[in-house]
Structures are given as structure tokens and as C-alpha cells.
Amino acid sequence: MVQTAKKTVQITIKRQDPEIDGNKPYFQDYNVEVEDWFTVLDVLIKIREEIDGTLSLRCACRASICGSCAMRVNGQAKLVCKTKLSSVEKDNKILVEPVGNMPVITDLTADFKPFWDKFNAVDPYLRPGSEAPEAEYIAPNEDMVHLVGVMNCIMCGCCVSDCTVLEVKDNFLGPAALAKSYRFIADPRDNTENERLEKLLDDGGIWDCTRCMQCVEVCPKDVDPMSRIMAMRSNSLNKNMNKSYGARHANAFTSLIKSSGVLNETLLILKTKGFFNIIELIKLLPLAISAQLAGKRPPFLSHSIKNKDKLKKIFKKLENK
Amino acid sequence: MYEHDVLIVGAGLAGLRAALESIDAGKNTAMISKVHPVRSHSGAAQGGINAALTDRGDDWKDHALSTIKGSDYLADQHAVEIMCQEAGENLIELENMGVIFSRNEEGKLGTRRFGGQTVARTFFVGAITGSAMLHVLYEQTVKKQAKVYEEWFVTKLIIEDGECRGVIAMDMHTGKLEIIKAKSVILATGGAGRIFEPSTNALICTGDGLALAYNAGASLMDMEMIQYHPTGLAGNGILLSEGARGEGAYLLNSEGERFMEDYAPEYLELASRDVVSRSEQTEIDAGRGVDGCVLLDCRHLGREKIEERLGYLQEVATEFRGIDLAEQPIPVKPTMHYIMGGIKTDESGRTNIPGLYAAGECANVSVHGGNRLGANSLLDTIVFGRRSARAAIEYVSTVKTLSKNKTELNNETKRIESLVNRTNGERSATLRNEMGVSMTEGIGVYRDADSISMAKNKIVDLIKRYPNTAIDNKGKVFNTDLIFNLELGYMLDVALTMCIGAEERKESRGAHFRTDMTERDDKNWLKHTNVKKKNGEPIFYTSDVTITNWKPEIRKY
Ligand SMILES: Cc1cc2nc3c(=O)[nH]c(=O)nc-3n(C[C@H](O)[C@H](O)[C@H](O)COP(=O)(O)OP(=O)(O)OC[C@H]3O[C@@H](n4cnc5c(N)ncnc54)[C@H](O)[C@@H]3O)c2cc1C
Ligand code: SF4
Ligand code: SF4
Ligand code: FES
């Protein structure tokens, strides 16, 4: 059943250890013999078990359900247990790094504290209004099926790792926590929709998202956090919660980027991937503001990821100026 | 200083449910878990949770009968009665907490049918039931600001004057061992699938709690009862849920026949798991398999149903095998899945050590006996998680003083240090692989005296070699190399008790099918097997099965 076509692949791993050399990151190469059905996790486990037990990483289910194994593979966040090696290796080489936007404990093991702090900040539990009914709450199946889409979230942190706003703005709640919030807002049994939405209008809430689509692209469970955020924006506007928070916020963000150094530093960090998104981000700001001022909704419809090429061109143009 | 009334080891479904109960009772409660609670293996449960909702005319007695028949009459019937009676109330409570169970046309909870039962009484959330429940229970503990020792690894139970008084555990972030004192300890550490290779279980299912309890003097019961799931993915054993067959999927052999017609004409694909797994193995052994597998066929269900109700299965099939379930059948085979055996407890989770409780997969109440029905394990975690907390809460009020122990922590620190400092030994993974392969071979779907003794000899040999293993990682921070090595030690202890149980039970019952003794022997073996450690050696004894209303009958599906 399982074919055994073996070959050797070079895995480069970004490592660091607080007990060695002041936690300074370095890159280590491993040449590993792999089978063609290997996932990236299979390779990492093979390294740890057969070659170098000092490599530290989290993994549990091997089946994209526990959310332990988010890492960056060739610069993009992925669940390594769900990523076939053959789908990511180029010329028999891959690069594995810890997730982004979180501190690193050691090697590929990241510190999820900021992630869970934000999760906790959205009151992540059902708040039904009245006393519990005698039996179950009556709810339409469509609503429940719709919520399964969000409950699919396994809190892996891939989206948070690659969110472009989080790279420059620490207090953004981020895609995972916001999707979690949506899960309660869209639940017919929860009675605190307005309260939840109001809270999300604040700095760090739904108006911080620049619709860069990174979270949509990297989410291994099709949770689509961006659309959930857009749905909440739309929801808040429908409820006339548009006290120009969005605009105020967009302004704050513009000045953040303009303020000395931040942008440059960011640009340096972002290198290629995030770069386009920053451009896209700036491009969107005036739109958001004018829409707000005109009392209209900002453009909710998502642009396609295919626009990346177009963005590249815009960026080239800017560069050549 | 770490001190609690109720300390729960494990934050899967059983642990979280116990914690909520204890917090609600106002007790100083904490959970300790080697992974973040939502990473616990409970999240992998796909299919659903059973409950007979009596207000819709379902009868808990019918659920009890199915469970007892499924157990091949080895379950303790008073415990089954409790589980089936309390199921409805527990299920509704979960719904009220926020679990987004699937609904019927009236907006009430909807059901699907699971194996070994005649009635559809399995409640579910798509194909992510366990995950959806786990996340909601975790949310509730966040709401109640529960204390969690997150990514702490328990290495030892503290036993003083024969009573359990806390644990010693390592904070994986610092590598430091600490003593956590408690008036009562509930073990909710889950299963031990990694003893076998392959297994549907997560890499963290290493039987830690079983070994901790066993080494502290608790009895492990019916350890030979290993469930092989009929639909593990060929290769690495990732599970394709029974939900597929619940929705109507077929099992086919290489001739394209629905072979279950020959083995279980009435229940077909939805006979008990042990029955289906054996039928598959027989087909495969008779040369009617496809590369050592049979085929699970979902095509006739249609794409829409597959995507709405079996979404996760479709994800696994496409991601891991490149197979679209709506277009193609997928190869599956019997794969180690669940341990019916576990730490012997009464119906309130009490072990034979005062102050020590157990619930969930690591416990054996016993409600599953020789074979667990699909969707009964989630129910077990919830019902007995809650009950064990209730019993612990009661017990706590009788405990006056906390542990005064000073030496244990020192001894344990020295033990671990010497392990870390060992050089030039065998790698843990070498031993683990040898164990996994021999256990699957020796204590498999079919077993006999020879295969069992082969596995046992192997485990005895590995236990001798274990003290000479060495690890690469000498560091303190998140040393997963060290954790693996400790887990290996636990698994070897537990594996030995499985071999002893299999060797001693001289009949075939439930998942324990001996080709050298193919009949069930109620006269001599309507009994539980128990293994307990005394003076460093395992001793074996049997205990009675509680029969209330249902006399053992021939089991036919
Ligand atoms: C793939 C799969 C699918 C399944 N599907 C179903 C289904 O559809 N329906 C059903 O009823 N059952 C199903 N089961 C069985 C069921 O999921 C499990 O039996 C059940 O979830 C076990 O829950 P638990 O709370 O006992 O343990 P777990 O959820 O495994 O939790 C164990 C906890 O203990 C902690 N722990 C363990 N050792 C230590 C240590 N040394 N120190 C600190 N903490 C420790 C872990 O961190 C974890 O938090 C399935 C099982 C598998 C493998
Ligand atoms: S779409 Fe919004 S939330 Fe998602 S990654 Fe981009 S900025 Fe972050
Ligand atoms: S939304 Fe997706 S990427 Fe983000 S945490 Fe949830 S599952 Fe992971
Ligand atoms: S190991 Fe569980 S999600 Fe990858």
C-alpha cells in the first residue's frame, strides 16, 4: 500500500535555546532520508527520534485536529502534520521555523501566552440570556451547521503567525480571537451580541484588520477568519454602531506606520511576503476613511488572493519612482 | 507552595468535566496537563456521544442492554445503568454550555445511528464532536477562571500512610520538579494507544496515569481488552470515524462484496467494533483484501452529505491519501484504538487507594467490559468525570492535613537528573518501535498463547533494557526528549499488564479473541482480570462481574 520511494531531503531548521548562547537563533541543516508519503511532521519526528533528540517541538494528534504543530514552512504558517513534504520541498530542500508573531520558547516551540490572552479577552464562552430551558435550546440546524465552520478552529495559531497587522500592532486581537468572538455573536443562543460587538469597536478590534487575506490563506481548517471579521463589521454598521470608530482607528494606524522607524523596521522584517500587504494596507486606508465619512460601509467584499500579482506590479512601480 | 483540595491530572473531557464540578462546589481546584487542554486527545473524537433521551421516548434500558451486549457481558451492570440513566441530563447540560450539536427539523437535537445499537441515539457536531465538546468545556473553565498547570508533566503520585496526597510534576518550561499537594487527586490521563504501532491515538496517549496508579499500588483491570477500530487509515492509522458507517457507508472486499452480510446479517457494517474488525481481518487473511486492507465506500452517500456530515473525514481522505470520498472508496484496516481496561474504580471513580480517583479512558468503571460501543466513551468521560469529582469533594472534607513530605521531591529530582545525565545508551525510539510492533503482533485482533507469550517476553526484555536508554537533550527548557523517555517507561509498565491479562484470560470474549480458545466461557471467566504491583512485582487476581438485570446470552449481530 505505502510505496517506498526513498530520497534524501535537506531540512533547515531555525533553532534557539535560552540556555545556550543567550537564546541566539541559528540555522541547522539536517539531511534526512524520507519516504514519498512523509509529511513535514514525519520528517521532524524522524530527526528528533533518530538523529538529534535536542530538537524541541510540539505535536500530538498527527491528524490536523489538536492544533499543536503550527510552524512556518518556507516562510508560511502551516500545520506540519497536514503538510505533505512533497508539496513544499523545492530542489529537495525546505526551511522550518517557529510560528511568527509569538515569542519563541526554544527551537520550534513557541510561547502561546499572547495568543491565549487574546482568546480570553473576547469572553470566549456562551452567555445565554435567561435561565437555561428545561431541555436543549431550540435552534435552526442551518445556524448550527454554519457555526461548525467556525468551531472547526483548533486554535493552532497559523493565522496569528502570519497576520500582517499583528506584525506591527501588538494589541490587535487578531484573526483567531475575533473568529472566536464571531462564533458567539452568530450563535442564536447567545444573548450578548451587542455587548460583544461594542467591545470589538475599540482599538485592537474588528476595525484593525486590513483584509490582507493571510489568515484565510494559511488557515488549515477553512475557518476564514477575515470573513468573520467582515461579517461583524457589517453587523455593527447595521446596528448603527458606526460612531466613526473605524475611521478613528484607521487614522491611528496610519500615524502608527508613519511614526518614525516603525514602517522601516516593519518593512525590514516583512521582507517579501508581508511587504505587499503593507502596501495593500496603506492603499486601503483612505478608502476605509472616506467610506466612513460618507457614512457608507467600507468595502466588505474580499478581493481575491490572485490580486497578489497586480500588487506586485504596483509595488514595482512604487519602487521605480 | 502549590496546594489544592482537588487536583485533576489531565484536562481532556474527563478532567475538564471534573474540574467544573469541583469549582462549582467551591473547592480549591486545579488541573494539570502535559499539553494545553484543547490539545488533549478528546479533541480527536469525531463520531458523537450516546444518550437515550427519555423525553422523546427513547429508553435508557435499551441503551444499557446494547452497551452490555456490546461489552460481551463483562461490563458491571450497575455502572452501565448509572451511565445510561445519567446520559440525558449530562448531554443537555453540554448543550446548554454551548456545544453546537446538530439539530433536526424542529430545531431539537438531531441524531445518527452508531454501531451495536438498533436506535439512532448518537448526538454529534459534524465530524468534530470531541473537539466541539472539548473547546466548550475549556471555555467554561476559562469563564470560571480555573487554575491550570499547563504543560506540566506528572512523574509521580505522593502516597502517604496509604493515601494519595498530591503529585510531583515537572514544569516543562523550566524543567523544574515541584510538589503539588492535594487532599485528593483525580487521574484523567486518557488512553495508551502508543503502546501499539500503528494506532489511531495521538502521540501523547502513553498511559501515564495508568502507570502512575499501578506503581502506587492501584489495580489495573481487564487490560487485555484492546479495541481495534475497523476503519483506521492504512499506513499511520489515522482514524476514519464510525460516523461514516453511521451515515450508511459500506465495507467492501476485493471482490466488491459487502462482506458484513456474511458475518452480521442484521447489523451489517454497524455490528460491534470487535465483530467488524475480526470480519475484516478474516477477509484480509483469506486473500480478499486490497493490499492488506478492505475498502470503505461512501460514494452512494453523495457529495453534499459527505461534506456536511463527514467533513473532517473528507479532509483526512484528501489531505493524507489524495482520495475524494465522493468519487472513490478508501482503504482501511483494523487499527488499535481504545483501551477498555484501566484503573479499577467503583461507580464514583474511587480506586483502592483512598484519595485517588480515576475517570475517562484511563479508568475502568467498568462500563465497556470486553468491547466499547462507539460514542460511549465521550459519555463515559462526562458522566464519570462529574461523578468522580463529586466523590472527591465529599472525601476532601474528611482530610485534615496536607502532605508533609520532604524527601519525595528530592528523590524524584535525583532520579530524573541521573536519567538526563546518562550517556551512550539506546535511543528511546528504538525500544518504543520494538514494543509497538510486538504488541500489535502479539495482542492483536486475533491472539493465541504463543503470540501472547512472544509479546510478553519482548516487553520483559525491553523493561530490562529501559534503564540503559539515554537521551540527547541535556537541557531544561521544553525538553521533549526527556518527556518521551519518561513516557516510554510508563508504556512498558502498562504493556506488561496487558500481556498478563491476555495470558491469564483463557477464553474469547469481546475484543480478546484467542484462536486457541475460541469460545466464551461464562462458567470460569465471567470475571475481571486484575494486575496489581506488590513488592515491585505484578500480581494477578480476578474479581466478580456485577450482573443486575441482564443475564449473559449468546452475542449475535
Ligand atoms: C481518533 C479517535 C476518535 C474517537 N472518537 C470517539 C467518538 O466518536 N465517540 C466516543 O465516545 N469516543 C471516541 N473516542 C474515544 C474518546 O475520544 C476518548 O476515549 C476520550 O476522549 C478520552 O478522554 P479523556 O478525558 O479520558 O482523556 P484525554 O482527552 O486523552 O486527556 C488526557 C489528559 O491527560 C493529560 N495527561 C496525560 N498524562 C499526563 C501526565 N503525565 N502529566 C500531566 N498530564 C497528563 C493530557 O495532557 C490530557 O489533558 C475516539 C478516540 C480516538 C483516538
Ligand atoms: S485579513 Fe485581517 S485578520 Fe486576517 S491576516 Fe489580514 S489583517 Fe490579519
Ligand atoms: S482560525 Fe484557522 S489558522 Fe487561525 S487558529 Fe483557528 S484553525 Fe488555526
Ligand atoms: S499534530 Fe495535531 S494538529 Fe498537527
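The values are calculated or read from the model by the stated rules, or taken from the named source; none is laboratory data. Quick caveat, the model's predicted, so the values are computed rather than measured. Counting neighbours? That spans all protein chains shown, and the Cβs are built from the backbone with ideal geometry, glycine included. Side chains are part of the model used for accessible areas, which takes the heavy atoms of the whole protein and leaves out ligands, DNA and RNA. Shrake-Rupley method; radii C 1.70, N 1.55, O 1.52, S 1.80 Å.
How about region A:63-74: which of its residues are within 15 Å of ligand 2 (Cβ to nearest atom) and open to solvent by 20 Å² or more (accessible area, probe 1.4 Å)?
Within region A:63-74, just A:R72 meets the criteria.
Does A:V104 count as away from chain B (no Cβ under 11 Å), over 16 Å from A:A177 (Cα atoms) and among the β-branched types (V, I, T)?
Taking the combined requirement at face value, the residue does not satisfy it.
Please tell me if A:C212 is within 16 Å of ligand 2 (Cβ to nearest atom), at pLDDT 95 or above and part of a helix (DSSP H, G or I).
So A:C212 fails the test.
Within region B:69-90, can you find the residues that are assigned to a helix (DSSP H, G or I) and under 18 Å from the mean Cα position of the chain (by Cα)?
B:G70, B:A79, B:V80, B:M83
Filter region B:541-557 down to residues that are open to solvent by 60 Å² or more (accessible area, probe 1.4 Å) and under 25 Å from the mean Cα position of the chain (by Cα) and give me whichever is farthest from B:K506 (Cα to Cα).
Checking each candidate, the answer is B:D544.
A quick yes/no check of all residues on (1) surrounded by fewer than 23 Cβ atoms within 10 Å (Cβ to Cβ); (2) within 11 Å of chain A (Cβ to nearest Cβ); (3) within 11 Å of ligand 1 (Cβ to nearest atom):
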position	(1), (2), (3)
B:P37	no, yes, yes
B:A64	no, no, no
B:N90	yes, no, no
B:F114	no, no, yes
B:A120	yes, no, no
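Residues being under 19 Å from the mean Cα position of the chain (by Cα) and either at pLDDT below 95 or assigned to a helix (DSSP H, G or I) (or both): count how many of those fall in region B:32-59.
The qualifying residues number 11.
State yes or no: is B:R245 open to solvent by 10 Å² or more (accessible area, probe 1.4 Å) and among the basic types (K, R)?
no
Can you tell me which residue among B:E178, B:E224 is more than 14 Å from chain A (Cβ to nearest Cβ), among the charged types (D, E, K, R) and outside any loop (DSSP other than H, G, I, E, B)?
Residue meeting the stated conditions: B:E178.
In the set A:V99, A:V80, which member is in contact with a Cys (Cβ under 9 Å, 6 or more places away or on another chain), more than 12 Å from every other protein chain (Cβ to nearest Cβ) and under 30 Å from B:K305 (Cα atoms)?
A:V80 is the lone residue from the list that is in contact with a Cys (Cβ under 9 Å, 6 or more places away or on another chain), more than 12 Å from every other protein chain (Cβ to nearest Cβ) and under 30 Å from B:K305 (Cα atoms).
Which ones in region B:1-19 are away from chain A (no Cβ under 14 Å) and within 6 Å of ligand 1 (Cβ to nearest atom)?
Listed by number, the residues that qualify are B:V9, B:A14, B:G15.
Quick check: is even one residue across region B:219-236 of a type in the set (D, E) and within 19 Å of the chain's Cα centre (by Cα)?
yes
Can you tell me which residue within region A:145-161, out of those that are more than 17 Å from B:M133 (Cα to Cα) and among the small types (G, A, S), is nearest to ligand 2 (Cβ to nearest atom)?
Checked region A:145-161; the qualifying residue nearest to ligand 2 (Cβ to nearest atom) is A:S161.
I need the full set of residues from region B:284-304 which are of a type outside the set (V, I, T), within 12 Å of another protein chain (Cβ to nearest Cβ) and part of a helix (DSSP H, G or I), in order please.
B:E304
Would region B:495-504 turn up any residue that is open to solvent by 30 Å² or more (accessible area, probe 1.4 Å) and either touching an Asp or Glu at 6+ places or on another chain (Cβ under 9 Å) or within 14 Å of chain A (Cβ to nearest Cβ) (or both)?
yes
Out of contact with any strand residue (DSSP E or B) (no Cβ under 9 Å at 6 or more places or on another chain) and surrounded by 20 or more Cβ atoms within 10 Å (Cβ to Cβ) - does that describe any residue in region B:187-200?
Yes, region B:187-200 has at least one match.
Would you mention how many residues in region A:117-130 are at the interface with another protein chain (Cβ under 10 Å from one of its Cβ atoms) and open to solvent by 20 Å² or more (accessible area, probe 1.4 Å)?
Selection size over region A:117-130: 5.
So which residues in region A:25-77 are closer than 13 Å to A:T109 by Cα, within 11 Å of chain B (Cβ to nearest Cβ) and part of a strand (DSSP E or B), if there are any at all?
none
Of all the residues that make up region B:316-342, how many are part of a helix (DSSP H, G or I), crowded, with 21+ Cβ neighbours inside 10 Å and within 11 Å of chain A (Cβ to nearest Cβ)?
Residues in region B:316-342 being part of a helix (DSSP H, G or I), crowded, with 21+ Cβ neighbours inside 10 Å and within 11 Å of chain A (Cβ to nearest Cβ): 2 in total.
For region A:178-191, give me each residue that is more than 16 Å from A:N120 (Cα to Cα) and touching a helix residue (DSSP H, G or I) at 6+ places or on another chain (Cβ under 8 Å).
A:A186, A:D187, A:P188, A:D190
Looking only at helices (runs of 4 or more DSSP H) that lie completely in region B:394-501, which have at least 2 residues being in contact (Cβ under 8 Å) with a residue 24 or more places away in the chain and closer than 30 Å to B:A182 by Cβ?
In region B:394-501, B:407-421 are the helices (runs of 4 or more DSSP H) which contain 2 or more residues that are in contact (Cβ under 8 Å) with a residue 24 or more places away in the chain and closer than 30 Å to B:A182 by Cβ.
With respect to B:E308, is the statement that it is within 12 Å of chain A (Cβ to nearest Cβ), outside any loop (DSSP other than H, G, I, E, B) and out of contact with any Leu (no Cβ under 8 Å at 6 or more places or on another chain) true?
yes
Just give me the residues in region A:171-190 being within 15 Å of ligand 2 (Cβ to nearest atom) and of a type in the set (F, W, Y), in sequence order.
Passing the criteria: A:F172, A:Y182.
Is there a residue in region A:206-222 that is more than 16 Å from ligand 4 (Cβ to nearest atom), surrounded by fewer than 23 Cβ atoms within 10 Å (Cβ to Cβ) and under 24 Å from B:T129 (Cα atoms)?
Yes, because at least one residue in region A:206-222 is more than 16 Å from ligand 4 (Cβ to nearest atom), surrounded by fewer than 23 Cβ atoms within 10 Å (Cβ to Cβ) and under 24 Å from B:T129 (Cα atoms).
Condition first: touching a residue at least 12 places away in the same chain (Cβ under 8 Å) and in a loop (DSSP other than H, G, I, E, B). Now tell me which residues in region B:122-170 satisfy that.
B:F124, B:V125, B:G126, B:A127, B:I128, B:K144, B:A146, B:E151, B:G162
Does region A:42-49 include one or more residues that are within 16 Å of ligand 3 (Cβ to nearest atom), at negative phi and at pLDDT 95 or above?
The answer is no, given that none of the residues of region A:42-49 is within 16 Å of ligand 3 (Cβ to nearest atom), at negative phi and at pLDDT 95 or above.
May I ask you to verify whether A:V160 is open to solvent by 10 Å² or more (accessible area, probe 1.4 Å), within 12 Å of chain B (Cβ to nearest Cβ) and within 16 Å of ligand 3 (Cβ to nearest atom)?
Answer is no for this residue.
Considering only region A:80-88, I want to know if a residue exists there that is closer than 30 Å to A:W37 by Cα, away from ligand 4 (no atom under 16 Å from the Cβ) and either open to solvent by 20 Å² or more (accessible area, probe 1.4 Å) or in contact with a Ser or Thr (Cβ under 9 Å, 6 or more places away or on another chain) (or both).
yes
What are the pairs with Cβ atoms under 6 angstrom where one residue, in region A:137-153, is more than 16 Å from ligand 1 (Cβ to nearest atom) and the other, located anywhere, is assigned to a helix (DSSP H, G or I) and open to solvent by less than 20 Å² (accessible area, probe 1.4 Å)? Sequence gap at least six, or different chains.
Close Cβ pairs (under 6 Å, with a partner that is assigned to a helix (DSSP H, G or I) and open to solvent by less than 20 Å² (accessible area, probe 1.4 Å)) amount to A:V150/A:A179; A:V150/A:R183; A:C153/A:A179.
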